[in-house]
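Inspection log for the structure reproduced underneath, given as structure tokens.
The values are calculated or read from the model by the stated rules, or taken from the named source; none is laboratory data. Remember, predicted model here, so these are calculated numbers, not experimental data. No Cβ is skipped: glycine too gets one built from the backbone with ideal geometry, and neighbour counts run over all protein chains shown.
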Amino acid sequence: MVQSPSNPAQSTNRIGLTLADYKGAPSTLCDGCGHDAITAQIIKAFYELGIAPHQVAKLSGIGCSSKTPAYFLNRAHGFNSVHGRMPSVATGANMANKDLLLIGVSGDGDTASIGLGQFCHLVRRNLPMIYIIENNGVYGLTKGQFSATADMGSKSKVGKLNEYTPIDLCGLAIELGCGFVGRSFAGDPKQLMALLKAAASHKGTAVLDVVSPCVTFNNHEGSTKSYKYAKEMETPLHELGFIPFYEQITVDYEPGSVQDVELHDGSHLRLKKLDKGYDPRNRELAITTMLKANEEKQFLTGLMFIDEKKPDFVSMSDLVDAPLATLPQERTRPGKEVLSKIMAELM
Amino acid sequence: MKTLAADSVQKTEQGRVVNDFSIQVATVNGSGSQSSNNVLMRTIFQMGIPVSGKNLFPSNIAGLPTWFTIRVNKDGYIARKRETNILVAMNPQTAFEDVKALTPGAICISPVELKLNDVRSDVKHYQVPFTELAAKATETLKLRKLLTNMIYVGVVAELLNLDDNEIEKAVTGQFPGKPKVVPLNVNAIKIGREWTRENLKKDDPYFIERMNETAGKIIIDGNEAAALGSLFAGVTVVAWYPITPSSSLCENLIDYLYEYRVDADGKNTFAVVQAEDELAAVGMALGAGWAGARSMTSTSGPGISLMAEFVGFGYFTEIPTVIFDVQRVGPSTGMPTRTSQADLLSTYMLSHGDTKHIILLPGSVAECYSFAGEAFDLAERFQTPVFVLTDLDLGMNNWMSDPFEYPTKALDRGKVLNAEQLEKAGEFARYKDVDGDGICYRTLPGTDHVLAPYFVRGSGHTEKATYTEKPEDYQNLMDRLERKFQTSRKFVPKPEIHSEPNSKVGIIAFGSTHFAIYESRDQLKAANVPTSYYRLRALPFTEELRKFVESQDRVYVVEQNRDAQLRDLITLELPDLATKLHSVRHYTGLPIDAQFVTDEILKQEKK
Ligand SMILES: Cc1ncc(C[n+]2csc(CCOP(=O)(O)OP(=O)(O)O)c2C)c(N)n1
Ligand code: SF4
Ligand SMILES: [Mg+2]
């Protein structure tokens, strides 16, 4: 691997890179924006996992949230696409090069409004990627209009009341058969970190719906996507611990108190149950729990659902080992005899 | 065996019309007549006579009128012909109108119960008891309808003197891998033929006689040809959404990919997705092009409209992909099963902002094949979406062609830097015009070098692909894109120019209009208007255009749209020569025919 030398005095991860090697350009978002908090966790998660940045491709749509791929992993290729259409670009990139680790960042406007169709179809195809929705209940970049995830009855900055039912993107993802659905909060770095790492180890679409307050347009009294509301109302379903595949499992828990999920790459996600005894492998339970929480205005976070066995888009595509983008002409242009045979059939 | 037709040859030596007429079969769609029509067309083709087959069909699955026209022409004219000489009137819904539209002296073959002989007395009627004959052909009620179609093949075969062996060969070719079906159909044809010989007296001038004009030729439609071109261009990613008349392009391609692009261990060297819409289809194609695959999508007008935002993105961020537009009649749903060339302008400048695209304009099935390959090379060379514009007539109808040639050029993957090259260069700026041709170097995601990554963004960007709103940065970028576009003029297919010495009248046309022009020029010459012909094969225009227009007094731009879109583009290109340009436009949804072109030009020439 060709990398620029890093300062040996700094601490490095298992592939010899420093935290700085995972950073991006300085953020241009508002001070205190939830999106920046998520960016920080992405940088840390990828650093700690020791993922080679060149194997990553960052994608996004349009919005404040969609700007953030420029603020992490400078050493990865990035693609800031058009509003709501990142899923299709990600699909094409995966078709061309299945070895890329795709991370997509979107907003609630980008995913739940203009991009809802593409989001659904991405999930339906189980395209392997981390899909983060930085959910602030507003359109930040166009200055504070309601988004489709704004809670019914929540107030906009200018005092308008939202009268429509919100779209619950986690519920929708589970309904669509998504194999990895997590909900978290930009102000809960520990949980977010575990979910991000687990998402990177998951084979298939991993949807992370992260409440990410917009300090400029939707952080006021009456907003259900404000820091204050989210902090007060957050109800974690479990305590999450992540053990990457390259680390020995050392602590053993008392049987029954912890649920262990082995992920595709051999990493483990440990869920220490809190009072409810939630089982994220139970799809019906996940749906009913979420419906109930929404009715009771509870802000549940954690791993809502997991089905790590579901076949992903790549395995369904039955591809040759080498990424399609790297195939030489000898493997993609059939021989002369093939054309002659086809021509003879048409005579 | 002495045939009825052979019998009457002696009788009417004078006034015989040999190998120069058109046959129209009127049926309802979903009745299974397609196989019979193909057998008829193939038989005549196998007998060495140039043919073309056009299916005029409704946007419907079953029960609505459909017409299949076979043009037989010894001189190789294969455009649509307006007059029908031989009608097989199987559809009661349209029979009356169909007969009324015939030229005097035409013949009409119809089921006896339709009683069409009263409709026109200047038409020769052959009435056939199809129901009765079908009952003889099979005991299975379900099959009778299908075999009725083969019975009319028998009737036509006897009247025109078609060769039995060739018929059998055509039937066998029509039902590959279904050995049981072949004798059933051959027998039905025989029943029709024998009944005709015994019960009808040939009293018309139309005959087929063997020629040697089709040996070694193929019959194919443009969509299948474009699919083959893509296959041999080494396409690896295909994303599409079904729409008439383009669906069969990707459907054929998928069949070919599964046949010829699966490795020995059963793994695919390609990926195909039927997307949720055209917007997603082109998004996938661009995502794949960015990541280094040869990607494509195919669609028609409504899909092109949906792709607009993404295509501008692809132009601005410089991502290769190939988009086939098999044009149909618009706007909106328009007439989805009719042909048109009305997407030229909107495709050329597709998307908001300053955008212009390379468009290839195949004028034959052979070019549908070769330009498909060319399009992938150009897309990767110029790092931009490239369009291939065909239409329903070219894409879905049957055309005779010389067999396609195996590509001699290696794939041109364009300016892509790998890790070693980056290491050697020591620097990389994605949007820097290093070579002065407007085309920059790119790297692919996954390249293991610290210089490789860059950030694709639809917003203003610097040479290093960083965000900018600086006026000079934006203008420099737009100027460089223009420089790149100018470079492409030297790389796109050149026009095909047919010069007539001393001609004063020029014709410019593109795409499927070519066949009508080819025939019309002979008609015009016979009317003392010799013409030179410029067949445009790509946009942007090449340097030959000015010379051609300058060399003629008047230039007729012939095209199949209402607004003279090509004429307008030429006017923009050569404003000083604009007064020389005249327009001939055909926009009924039917393919343009030679007589129309001839009449229009003669009218405007005041002859
Ligand atoms: C086709 C199109 N329509 C509208 C816009 C304008 N627009 C830009 S961002 C945005 C909303 C973004 O909201 P969200 O995804 O929630 O991102 P946030 O800024 O809140 O992070 C809109 C409507 C656009 N860029 N493109
Ligand atoms: S407007 Fe809101 S979402 Fe956008 S950067 Fe500012 S705080 Fe963040
Ligand atoms: Mg938002």
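Any residue at all in region A:60-80 that's facing chain B (nearest Cβ under 8 Å), part of a helix (DSSP H, G or I) and within 16 Å of ligand 3 (Cβ to nearest atom)? Checked against the condition, which is being facing chain B (nearest Cβ under 8 Å), part of a helix (DSSP H, G or I) and within 16 Å of ligand 3 (Cβ to nearest atom), region A:60-80 yields at least one hit. The residue that is nearest to the other protein chains (Cβ to nearest Cβ), counting only those in region A:7-39 that are within 16 Å of ligand 1 (Cβ to nearest atom) and assigned to a helix (DSSP H, G or I), is A:39.
For residues that are away from ligand 1 (no atom under 15 Å from the Cβ) and modelled with pLDDT under 95, tally how many sit in region A:129-163.
Looking only at that region, the number is 8.
As a summary of the residue check, residue B:240 satisfies the conditions (1) surrounded by fewer than 24 Cβ atoms within 10 Å (Cβ to Cβ); (2) among the aromatic types (Phe, Trp, Tyr); (3) closer than 29 Å to residue A:90 by Cβ except for the one numbered (1).
Taking region B:212-265 as the range and being touching a residue at least 12 places away in the same chain (Cβ under 8 Å), assigned to a loop (DSSP other than H, G, I, E, B) and either closer than 27 Å to residue A:330 by Cα or touching a Pro at 6+ places or on another chain (Cβ under 8 Å) (or both) as the test, the residues that pass are B:213, B:214, B:216, B:217, B:233, B:234, B:235, B:236, B:243, B:244, B:245, B:261. Of the residues B:379, B:410, the single one that is in a helix (DSSP H, G or I) and either at pLDDT 95 or above or in contact with a strand residue (DSSP E or B) (Cβ under 7 Å, 6 or more places away or on another chain) (or both) is B:379.
Filtering region A:91-109 to residues that are within 14 Å of the chain's Cα centre (by Cα), within 16 Å of ligand 1 (Cβ to nearest atom) and not β-branched (Val, Ile, Thr) leaves A:104, A:106, A:107, A:108.
Based on what the data block shows, is residue A:153 free of Cβ contacts under 8 Å to residues at least 12 places away in the same chain and in a loop (DSSP other than H, G, I, E, B)? Criteria met by residue A:153.
Taking the condition in contact with a Ser or Thr (Cβ under 9 Å, 6 or more places away or on another chain) and under 22 Å from residue B:559 (Cα atoms), does residue B:488 pass? No: the conditions fail for residue B:488.
In region A:95-118, what count of residues is obtained for those that are within 13 Å of chain B (Cβ to nearest Cβ), within 19 Å of residue A:67 (Cα to Cα) and in contact with a Gly (Cβ under 6 Å, 6 or more places away or on another chain)? Selection size over region A:95-118: 2.
Kindly provide the set of residues from region A:119-146 that are within 11 Å of ligand 2 (Cβ to nearest atom) and either within 14 Å of chain B (Cβ to nearest Cβ) or buried (at least 19 other Cβ atoms within 10 Å of the Cβ) (or both), ordered by number.
A:134, A:135, A:136, A:137, A:138, A:139, A:140, A:141
Restricted to region A:283-347, the set of helices (runs of 4 or more DSSP H) holding at least 1 residues that are under 22 Å from the mean Cα position of the chain (by Cα) and among the polar types (S, T, N, Q) comprises A:283-295, A:313-317.
State yes or no: is residue A:172 more than 16 Å from ligand 3 (Cβ to nearest atom), hydrophobic (A, V, I, L, M, F, W, C), outside any loop (DSSP other than H, G, I, E, B) and farther than 29 Å from residue A:47 by Cα?
Criteria met by residue A:172.
Of all residue pairs spaced 6 or more apart or on separate chains, none has beta-carbon atoms under 8 Å together with a first member in region B:469-491 that is in the same structural domain as residue B:377 (by TED's automatic domain parsing) and a second member that is assigned to a helix (DSSP H, G or I) and among the small types (Gly, Ala, Ser).
Checking the structure you have, find out if any residue of region A:157-174 is within 16 Å of ligand 2 (Cβ to nearest atom) and not hydroxyl-bearing (Ser, Thr, Tyr). Scanning region A:157-174 turns up at least one residue that is within 16 Å of ligand 2 (Cβ to nearest atom) and not hydroxyl-bearing (Ser, Thr, Tyr).
Yes/no matrix, rows are residues, columns are (1) over 30 Å from residue B:50 (Cβ atoms); (2) within 25 Å of the chain's Cα centre (by Cα); (3) assigned to a loop (DSSP other than H, G, I, E, B):
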site: B:472; (1), (2), (3): yes, no, no
site: B:479; (1), (2), (3): yes, no, no
site: B:483; (1), (2), (3): yes, no, no
site: B:501; (1), (2), (3): no, no, yes
site: B:509; (1), (2), (3): no, yes, no
site: B:524; (1), (2), (3): no, no, no
site: B:534; (1), (2), (3): no, yes, no
site: B:541; (1), (2), (3): yes, yes, yes
site: B:561; (1), (2), (3): no, yes, yes
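Is it fair to say residue B:363 is outside any helix (DSSP H, G or I) and either touching a strand residue (DSSP E or B) at 6+ places or on another chain (Cβ under 7 Å) or within 24 Å of residue A:114 (Cα to Cα) (or both)? When the stated conditions are applied, residue B:363 passes them.
One line per residue, one yes/no per condition, for (1) under 18 Å from residue A:168 (Cα atoms); (2) more than 16 Å from ligand 3 (Cβ to nearest atom); (3) more than 22 Å from the chain's Cα centre (by Cα):
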| site | (1), (2), (3) |
| --- | --- |
| A:192 | no, yes, no |
| A:196 | no, yes, no |
| A:217 | no, no, yes |
| A:224 | yes, no, no |
| A:233 | yes, yes, yes |
| A:240 | no, yes, no |
| A:265 | no, yes, no |
| A:281 | no, yes, no |
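Total residues in region A:81-94 satisfying the condition of being assigned to a loop (DSSP other than H, G, I, E, B) and either away from ligand 3 (no atom under 16 Å from the Cβ) or at the interface with chain B (Cβ under 7 Å from one of its Cβ atoms) (or both): the figure is 3.
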